[in-house]
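Just so you know, all these numbers are worked out from the coordinates, no wet-lab data involved. Keep in mind it's a predicted model, so treat the numbers as computed, not measured.
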Amino acid sequence: MQKDFTKCNVLIYDEKDNLLCNVKIWEHNVLGNYIVVQLLAMIPLIGFILMIIWAVGGSGTPIWKSNYARAYFAMMAIGIGISIIIMIAFGAIIASFIGGLGGLAYYY
């Protein structure tokens, strides 16, 4: 039986050099799906819960959606880390400024 490889974006071979094609990996990876996932992620609590479910691969989640959710959480962690560093830096600057004014505050 001859397989139809016209829908393959990539040709995959197994260990015995048999030609394989996994169309399921490629067929749902379109721009519209990313836009819908991003819009769902913007919903305050529901989006966060959906991203957790997709990140752990629950309910037969497609691999592209699972990878997208993991990247979403990685970028969120990086953003939180950078925000904490900036808050600490500005807190130190403000504390040193207030400490420098402390001697002047007693002399009106």
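What's the extension gain from Ile52 to Gln38 if we count 0.36 nm per residue and subtract their Cα-Cα distance?
Gain on extension, Ile52 to Gln38, equals 3.7 nm.
Work out how much length Ile84 to Ile98 would gain on full extension: take 0.36 nm times their residue separation and subtract the Cα-Cα distance, in nm to one decimal.
Numbers: separation 14, 0.36 × 14 = 5.04 nm, distance 2.07 nm.
Computed gain between Ile84 and Ile98 is 3.0 nm.
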